[in-house]
1. Can you pull out every residue in region A:50-99 that is of a type in the set (A, V, I, L, M) and either open to solvent by less than 80 Å² (accessible area, probe 1.4 Å) or part of a helix (DSSP H, G or I) (or both)?
2. Given the criterion under 21 Å from A:Ile302 (Cα atoms) and β-branched (Val, Ile, Thr), identify the matching residue among A:Ile162, A:Ile102, A:Ile144.
3. Looking only at region A:632-645, filter to residues that are buried (at least 21 other Cβ atoms within 10 Å of the Cβ) and in contact with a strand residue (DSSP E or B) (Cβ under 6 Å, 6 or more places away or on another chain); which one of those is nearest to the other protein chains (Cβ to nearest Cβ)?
4. Evaluate the following for B:Ile310: is it crowded, with 18+ Cβ neighbours inside 10 Å, closer than 19 Å to B:Phe272 by Cβ and either of a type in the set (Val, Ile, Thr) or in contact with a Cys (Cβ under 6 Å, 6 or more places away or on another chain) (or both)?
5. Looking only at residues in region B:291-307 that are of a type outside the set (Val, Ile, Thr) and open to solvent by 60 Å² or more (accessible area, probe 1.4 Å), which one is modelled with the lowest pLDDT?
6. So for region B:622-629 (the condition being facing another protein chain (nearest Cβ under 10 Å), assigned to a helix (DSSP H, G or I) and acidic (Asp, Glu)), does at least one residue qualify?
7. Evaluate region B:415-425: report whether one residue or more is assigned to a helix (DSSP H, G or I) and more than 11 Å from B:Ala143 (Cβ to Cβ).
8. Mind checking which residues of region A:266-281 are surrounded by 21 or more Cβ atoms within 10 Å (Cβ to Cβ) and over 31 Å from the mean Cα position of the chain (by Cα)?
There are 2 protein chains.
Amino acid sequence: MSGKRIGEESDMVSGKRIGEESDMVSGYVHKVGVPPKQSLLKELKFTLKETFFHDDPLRPFRDKSVPKKAWLGIQALFPILDWGRHYKFHMFKGDLIAGLTIASLCIPQDIGYSKLANLDPQFDSSFVPPLIYAIMGSSRDIAIGPVAVVSLLLGSMLQNQIDPKHKHEYQRLAFTATFFAGITQFALGFFRLGFLIDFLSHAAIVGFMAGAAITISLQQLKGFLGIKTSKFTKKTDIVSVMRSVWTTAHHGVTNSYGLGWNWETIVIGGSFLAFLLFAKYIGKKNRKLFWFPAIAPLLSIIISTFFVFITHAEKKGVQIVNHIERGINPSSLHEIHFTGSYVGTGFRIGVVAGIIALTEAVAIGRTFAAMKDYHLDGNKEMVALGTMNVVGSMTSCYVATGSFSRSAVNYMAGCNTAVSNIVMSFVVFLTLEFITPLFKYTPNAILASIIISAVVGLFDYEAIILIWKIDKFDFVACMGAFFGVVFISVEIGLLVAVAISFAKILLQVTRPRTAVLGKIPRTTVYRNIQQYPEATKVPGVVIVRVDSAIYFSNSNYIRERILRLMADEEEQLKENNLPRIQYLIVEMSPVTDIDTSGIHALEDLHKTLQKRDVQLVLANPGQAVLDKLHTSTFTITVGYDKIFLTVGDAVMTLAPKMEP
Amino acid sequence: MSGKRIGEESDMVSGKRIGEESDMVSGYVHKVGVPPKQSLLKELKFTLKETFFHDDPLRPFRDKSVPKKAWLGIQALFPILDWGRHYKFHMFKGDLIAGLTIASLCIPQDIGYSKLANLDPQFDSSFVPPLIYAIMGSSRDIAIGPVAVVSLLLGSMLQNQIDPKHKHEYQRLAFTATFFAGITQFALGFFRLGFLIDFLSHAAIVGFMAGAAITISLQQLKGFLGIKTSKFTKKTDIVSVMRSVWTTAHHGVTNSYGLGWNWETIVIGGSFLAFLLFAKYIGKKNRKLFWFPAIAPLLSIIISTFFVFITHAEKKGVQIVNHIERGINPSSLHEIHFTGSYVGTGFRIGVVAGIIALTEAVAIGRTFAAMKDYHLDGNKEMVALGTMNVVGSMTSCYVATGSFSRSAVNYMAGCNTAVSNIVMSFVVFLTLEFITPLFKYTPNAILASIIISAVVGLFDYEAIILIWKIDKFDFVACMGAFFGVVFISVEIGLLVAVAISFAKILLQVTRPRTAVLGKIPRTTVYRNIQQYPEATKVPGVVIVRVDSAIYFSNSNYIRERILRLMADEEEQLKENNLPRIQYLIVEMSPVTDIDTSGIHALEDLHKTLQKRDVQLVLANPGQAVLDKLHTSTFTITVGYDKIFLTVGDAVMTLAPKMEP
């Protein structure tokens, strides 16, 4: 294709310049630019780059020698080699305090979360994974460990497959799922498909999390009311759970040894829950006291355990942790199913859990990176998180990820680097090795209280209200996810969220907006007359803006929509005895691309307009569009002199030629 | 929200007007319009209307009395009541000639197509369905009947379920599938979901049709070479078929009674195929001779049948139709499976066949409607086609739809209304009732030749070349569908086409384009500097245009992309010792909508920029976007005085305030 400028043949109104400084010109029509056509290879390279390498991860490697490149590559994989060299002692102070604070928060949480996942408390994911992340991750603020939502999701999906009573088989499937969760995360990052997690919209996640908070809290009623596990439903939906709670209530609150509620448990749980929520409130009121809610759980555990130990409340029906093994996580490589029928099941569960875990970690990482203004490569993060979970699955850990509450504490406690994770990991190691047996007398009700107080923040009603105000469709997605989780199951809620998000995308690509433009007084700017009621229409001309790329999914809609806008206009003109429409100007600025279906639609539109003696005019077609219109010879069909740089140019050029 | 205009607080540069006529003003900054907020109900109504009723089907009903409305409603359902009243005798002349011409084309085709669907030739879909369509359809040019691609699709999907040898069971499933195809079409139209068929892109359809043409032709090799059906593969992929052809060839061409090729058949088939292709060529060369290719098939049938009858070639191994029943289609209502295991199978096959049939009919309808400039309601058409197939399934017809070749002949023969379909239907009725037994001696090879010559046009190599030139991604979709059909199966080809089309949509919504803008000399217009190399950048300012709505699926990409563009810019500035970036202007014209994720991304962007002491400026946010930015208070975060009507206004206002 020749690089000749379209418009060269057109009637050009010679410009007279007015004022050198203001660069304002009247009556000057600039030509529409057609850049030289790019070669196929170049085009393909560009598309691939924008799709998978839009963040230009190889930028630092540019113009470097080979050994330097190799060193940079190793550093890219293990960022600790980079920041570790600049690590200073004064930074360690902050990291130490932050590490100790999050350790005190994580120990009680971990015991509770492992219960959510129906696993024994010694399978602690806060020892190995944070170490791996500290070596490979690039976020400075994230704190790694198990999180409530993933634990619940994993627990509920696993128990659909194997009854948790069959401990060993259940554990094996849990490690298998964790392994595949890691593989999924690694693969998404490695193949630079990280953008796929963006398909879970913010609104859907808010709804999902709020639903999960309710579901998790409901699950805690069991421990909170002292109901025996065997009598409680395995389902997570609100109806089943409340029915279980109701049924057991009939066995009597006073029945200390029996099947129903246990008043001692309720008193212990209730008072500590009140304490924890109060601590949270204090921490929110005064940001300097952030450490108070952070250590409150550990404090509660120490006090309540001591209390039970002294009073032997466990003999009054207060359920305690009782059995807890000492020692660090053993190897579990041989436990993972690599063959057999459980591979498929484990894979499926792993993919779902891995993606949800990623969503949380990446969201947290991005938030803190934006706050401290450092760059975070989402795909690299995924590789780090994936490796961490693969290693975790081989060392008796289940899916770990970035925890929002812990990361916030980490940030507020003044962490500087991932060293705080190493400190936490070390404290957890000491705990596992020496202190664990002391948790024997910890009442289950305390764990329930800790979990409830931890997930209460997931129910972000302010965000829900904001979503309602901003975007009604987002609100539907949010509520769909919420009610799906609360009334059916965690997986269904997730499915609903994804489905609604996709429906939104489909709606976006099939039903783009169009607008009729008018001239804003005292300017040559043409804008939507609905947004600018003062804008005036040009007699004999209909100006339509199409607000989307024209693709097969919307080309027919756009064509029909434009014709309908014209019909509306004609009706009005007839009523007011105004002259007929002679030009249809399509403002193409927002039309970023067009495909063969789109060109067909334009050709059909042109044919229809010709029958009606209306001339089609295009304003400001972009680079890609103009290329394709040119290749398909549609530019010749329309006429080069009917393509303008702006709507203003088009009106100025065509107005004098109109029939009176 | 108050309807107050954003920008009222802003520093306004007072405009001095230059020239009343040209309406050109320098230094005048217009305010960005914030229309009064719409109520929720109104907004919802608008969205629903645009999604499902964008073509405003109730427009004619507006301001009419109730009986008038009822009459219009009946007319809308049965358009024959409308156009029938204005029907004139002079129109009948054209319709009669067109009807006779398409009848002569359809009779031989129908016998061949029923073979493709593995059905007996007496199940003719050109009698009942055209009658129903004539009453309910609104296209004036479409000619109804079975088509090659749908027959092949139906045949290949049905024989995967039931061996066609079990005639009765096979027929029952065929009617069941036809019934559900009709129900699918009806439902899509009735619930105004017709836009869903737009998800099959033009490119995918071209590829699919070309592949189907190859597959159908390959299937005809059997009849063309005189190979016995029992020796031929049931698969449709090219490898299996060519292996079958090759294997049977070893049995010898000269073996007249045996299992291999039959030379008499090849001679008859070959010569008539040459004749048919020649007729097609003549018709294409001289448009006035369009009737010649249209009657050529019937002519071939008459001549060859007579020839076989005289020479008794059937005793030399030339296979003939042999068994053909006389009489019009019997009722088949009791044959349809409404219960049992075949309902699901029939439903699945029906949905696929119904949608493919719709795609063809709607594409044809649209093409001719655009050529003659009349309005065609896609959803109403679907209701008509659906009803037609439901009734068809009860009268021993299989899926019928609009046939491209027949409709083209119909159009060229001068049809005026759907009366030509009625004429054709009447001729088919007479044929079925009286002439059918004469087809007993028709050689199968002639039917094969007729089908090959009919589908040869489906292989539209010119369209494929054009697709290659215009859009490489479309070409991939096209080839995916083509190779899927040719090398695997019709269904897989279809699946590939849909999958690639969806991938394209996902790419569109996750990776929108962005562009750096520059000022076009002697104007105040800012355009992509890649398209307009003469455009100049403004020192200290980076102007970025985002070419898409900002949704959850792309918000992170857009944020990162903008930051990378800035990084690129900064690098350049450093190299040339130019002043640092002070403003980032985001041109929002193409940003038609934003959701909560998008607002979050903008907030993150704003935070990052603040850290770098760069001011975020927005130019021309649209109505929906501004509403949502306002609700989320992001307009306050950015500052009202940082939102402008155009990039030109922004630069003009901000330039004087920049650091030197």
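1. Answer for region A:50-99, where residues must be of a type in the set (A, V, I, L, M) and either open to solvent by less than 80 Å² (accessible area, probe 1.4 Å) or part of a helix (DSSP H, G or I) (or both): A:Val66, A:Ala70, A:Leu72, A:Ile74, A:Ala76, A:Leu77, A:Ile80, A:Leu81, A:Met91, A:Leu96, A:Ile97, A:Ala98.
2. Testing whether each residue is under 21 Å from A:Ile302 (Cα atoms) and β-branched (Val, Ile, Thr) leaves just A:Ile102.
3. Per the stated criteria, the residue is A:Leu645.
4. In short, no.
5. B:Trp291
6. Within region B:622-629, one or more residues are facing another protein chain (nearest Cβ under 10 Å), assigned to a helix (DSSP H, G or I) and acidic (Asp, Glu).
7. yes
8. The answer is A:Ile268, A:Gly269, A:Phe272.
The values are calculated or read from the model by the stated rules, or taken from the named source; none is laboratory data. Being a predicted model, the structure only gives us computed values, none of them experimental. Virtual Cβ from ideal backbone geometry, glycine too; neighbours counted across all protein chains shown. These area figures cover heavy atoms from the full protein model, side chains too; ligands, DNA and RNA do not enter into them. Shrake-Rupley method; radii C 1.70, N 1.55, O 1.52, S 1.80 Å.
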